[in-house]
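**Q** Quick one: the structure is below, and I'll ask about it shortly.
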Amino acid sequence: MEKNWSASLEHGEYVNNTELLIHDAIAAVSQTAKGFYVNIVTPAKLGHPDGYLTDVLQLHFGNTIDAQFIDQCGCGGYVLRVWKSK
């Protein structure tokens, strides 16, 4: 995707299925074009994404991404911004 965008992974099956969330987060980053970012919104129930998602993305994509925790949104979910740098 050649634009900045958001992937909402905070509702439905994602709340109780971390494996699905990680799979779909990897897919979202893969779809993001170099020079753009995707905001990955994760469920409040799972807590801060650094605990289960950030390191997995770093391992998968290596130095082709930069990830930064943005904030906990008003709905309770967490926003992790992932830039595709290479």
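The values are calculated or read from the model by the stated rules, or taken from the named source; none is laboratory data. Keep in mind it's a predicted model, so treat the numbers as computed, not measured. Positions of Cβ are backbone-derived with ideal geometry, glycine not excepted, and every protein chain shown enters the neighbour counts.
**Q** How many residues does the range 19-36 contain that are over 18 Å from Q72 (Cβ atoms) and touching a residue at least 12 places away in the same chain (Cβ under 8 Å)?
**A** So the answer is 11.
**Q** Follow-up question, since we're still on this one. Identify, please: which residue in the range 70-86 is assigned to a strand (DSSP E or B) and in contact with a helix residue (DSSP H, G or I) (Cβ under 9 Å, 6 or more places away or on another chain) and is, among those, farthest from V15 (Cα to Cα)?
**A** Residue satisfying both the conditions and the ranking: K84.
**Q** Out of the range 45-69, which residues are in contact with a strand residue (DSSP E or B) (Cβ under 7 Å, 6 or more places away or on another chain), among the hydrophobic types (A, V, I, L, M, F, W, C) and under 20 Å from V15 (Cα atoms)?
**A** L53, L57, F69
**Q** Give D50, D55, D66 a once-over and let me know the one that is acidic (D, E) and assigned to a strand (DSSP E or B).
**A** It is D66.
**Q** Could you give every pair whose Cβ atoms fall below 8 Å, whose first residue belongs to the range 43-72 and is basic (K, R), and whose second residue is assigned to a helix (DSSP H, G or I), counting only separations of at least 6 or pairs across chains?
**A** K45/V15
**Q** Among (1) at positive phi; (2) within 12 Å of the chain's Cα centre (by Cα); (3) not charged (D, E, K, R), which single condition is I65 missing?
**A** Going through the list (1) at positive phi; (2) within 12 Å of the chain's Cα centre (by Cα); (3) not charged (D, E, K, R), I65 breaks only (1).
**Q** Answer with yes or no whether I40 is surrounded by 12 or more Cβ atoms within 10 Å (Cβ to Cβ), in contact with a helix residue (DSSP H, G or I) (Cβ under 9 Å, 6 or more places away or on another chain), at pLDDT 95 or above and not in a strand (DSSP E or B).
**A** When the stated conditions are applied, I40 does not pass them.
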